[in-house]
Amino acid sequence: ILNTNNKGMNNFYDNKMVYFVHSFIPKARIMNQVSSYIKFGEEKIHSSIHYNNIVGFQFHPEKSGEIGLNILKDTINYFL
């Protein structure tokens, strides 16, 4: 279940399900670059980051159905 930090993503995506293939846990060094996270117990796991016009997703938006496609569209529109 996704939670956003409102940087390139809007809060509409909070509490939406997205598709993860693996259990790797990335850790951003600069917290204001984290665009979204998921909660696993009490831990926040970074699920997307941004830096200038570069965005990286830990989950697979292309496999996350309509929500994932909308995330990609909104992300592209935000950075254009």
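List of remarks:
- Of the chymotrypsin sites (Phe, Trp or Tyr not before Pro) found in the chain, those that fall in a DSSP loop while having at most 11 other beta-carbon atoms within 10 Å are F24.
- The trypsin sites (Lys or Arg not before Pro) of segment 39-80 include none that meets both conditions, a loop assignment by DSSP and at most 14 other Cβ atoms within 10 Å of the site Cβ.
- Potential extension, Y78-F12 segment - 0.36 nm per residue separation minus Cα distance: 22.3 nm
- Rg/Rh ratio calculated on Cα atoms of the chain (Kirkwood radius): 0.92
- Restricting the GluC sites (Glu not before Pro) of segment 8-80 to loop positions (DSSP other than H, G, I, E, B) with no more than 16 neighbouring Cβ atoms within 10 Å leaves E42.
Read-outs throughout are calculated quantities, based only on the coordinates presented, and are distinct from any laboratory measurement. This is a predicted model, so every value here is computed, not measured. Cβ coordinates were reconstructed from backbone atoms using ideal geometry, including for glycine residues, and neighbour counts include every protein chain displayed.
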